[in-house]
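A.B. asks: Take this structure first; my questions come after.
The values are calculated or read from the model by the stated rules, or taken from the named source; none is laboratory data. Note that the structure is predicted; figures quoted are calculated from it, not measured. Virtual Cβ from ideal backbone geometry, glycine too; neighbours counted across all protein chains shown. Surface accessibility is based on the protein's heavy atoms, side chains included, excluding ligands, DNA and RNA. Shrake-Rupley method; radii C 1.70, N 1.55, O 1.52, S 1.80 Å.
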Amino acid sequence: MTDKIYYQTGVVRPEDFHLHLRLLNDAERQRALRYQHQPDKLRFACTRIALKRLLAQCAGTFPEHIQIQATPQGQPYFEHDGTRWQISVSHCDLHYLIAVSSAKFGIGTDLEACDQHRVFESDMLASFCHPQEIAALNALPKAQRSIAAQSLWSAKEALLKAAGTGFRRDPCTILLPLALPIPLSQQCHLMLDDQQIQLTQHILMTQENPLLMTFCASNPDAEWLLVAGQTETGSLPAT
């Protein structure tokens, strides 16, 4: 049977915060209040609320009963009836991408704005790109270079989440294939530390700007399933 990963996207809305505030425990409310700016408070609180509702739906329990914990490395998880649910959370402005799975392999997501006019200086590329990736980027037409660099950044963000290291591992040591067109049109399988990794990217159309969604799992046969929820108008492909 194929291992499944459930994901959902949404937009941070103040009405969700007021309607479902009861789903946050004291520690989560205090954490929200520690953010200096109101949009950051809302982003954390509303994403945590959406995450609890998604976990409740997938695990067959109530959102009020969900206590999200973290490993010593900072990875969030939820335990229910002897099963550990893995969690991946990504934000971009007021949009979020959340994913959960009870499978025993790593998962990672990332959500980035697609901005063809963004400029990546050489020192910025050197902070997350392998030298061969930099050479490949520089060989691209200027109009394609920015989106391709964003694709690499997003892929490495999701990949390092799935690997469980985050950016404690130097992303420059990882060489990824620069696939065109951007985003990846289908699942890409690659090797990391003798482990086969599944990597997929899709464009999410929003009312503002398109967003790049990246999905990663340390299982080449994993299936990503979209769970219906509060979403922005646009395409949300189930992979």
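A.B. asks: Could you name the lysines in cross-link range of Lys161, using Cα to Cα under 24 Å and dropping any fewer than eight places away on the same chain?
C.D. replies: Filter leaves Lys4, Lys41, Lys52, Lys104.
A.B. asks: Is the C-alpha gyration tensor of segment 1-79 telling us rounded, prolate or oblate? Criteria: a/c under 1.5 is rounded; beyond that, a/b larger than b/c is prolate, otherwise oblate.
C.D. replies: Working: a/c = 1.75, a/b = 1.47, b/c = 1.19.
Prolate.
A.B. asks: Could you state the accessible area per residue of the chain in Å², with a 1.4 Å probe and every protein chain left in place?
C.D. replies: Details: 12080 Å² over 239 residues.
On a per-residue basis, the chain sits at 51 Å².
A.B. asks: In whole percent, how big is the carbon plus sulfur part of the accessible area of the chain, probe 1.4 Å, protein atoms only? Don't skip to the answer; put the middle values down first.
C.D. replies: Working: 6190 of 12080 Å².
In the chain, the share of accessible area belonging to carbon and sulfur is 51 percent.
A.B. asks: May I pose another question? Show me the ranking of peptides 107-115, 199-207, 187-195 by mean Cβ neighbours inside 10 Å, starting with the highest. Provide the component values of the computation, followed by the final result.
C.D. replies: Values: 107-115: 21.6, 199-207: 18.3, 187-195: 12.7.
Ranking the peptides 107-115, 199-207, 187-195 by packing returns 107-115, 199-207, 187-195.
A.B. asks: Taking only Cα atoms of the chain, what ratio of Rg to Rh do you get with Rh as the Kirkwood inverse-distance radius?
C.D. replies: Working: Rg = 17.9 Å, Rh = 18.6 Å.
Reported Rg/Rh, Kirkwood definition of Rh: 0.96.
A.B. asks: Still on this structure, please answer the following. Shape call for segment 1-132 from the C-alpha gyration tensor, a ≥ b ≥ c root eigenvalues: rounded (a/c under 1.5), prolate (a/b greater than b/c) or oblate?
C.D. replies: Numbers: a/c = 2.01, a/b = 1.30, b/c = 1.55.
Note, shape of segment 1-132 comes out oblate.
A.B. asks: So, one more: For segment 79-150, what is the Kirkwood hydrodynamic radius in Å, using each pair of distinct C-alpha atoms?
C.D. replies: Value: 14.9 Å, from the Cα pair sum.
A.B. asks: Let me ask something else about it. Keeping all protein chains in place and using 1.4 angstrom, which order do Val12, Val89 fall into by accessible surface area, from largest down?
C.D. replies: Values: Val12 10, Val89 45 Å².
Order by accessible area, largest first: Val89, Val12.
A.B. asks: Sort the following peptides by mean Cβ neighbour count (other Cβ atoms within 10 Å, averaged over residues), highest first: 213-225, 15-27. Mind dumping the intermediate values first?
C.D. replies: Values: 213-225: 21.8, 15-27: 13.5.
Descending packing order for the listed peptides: 213-225, 15-27.
A.B. asks: Sticking with this one: Round to a whole angstrom and tell me the spacing of the C-alpha centers of segment 1-26 and segment 103-182.
C.D. replies: 27
A.B. asks: By how many degrees, 0 to 90 and rounded to 10, does the Cα axis of helix 38-59 deviate from the longest principal axis of the chain?
C.D. replies: 80
A.B. asks: Run the helix sum for the chain: -39,500 (n - 2.57) per DSSP H stretch of 4+ residues, divided by residue count, reported at 222 nm to the nearest 500 deg cm²/dmol.
C.D. replies: Working: 6 runs with 75 residues, N = 239.
Rounded to the nearest 500, the figure is -10000 deg cm²/dmol.
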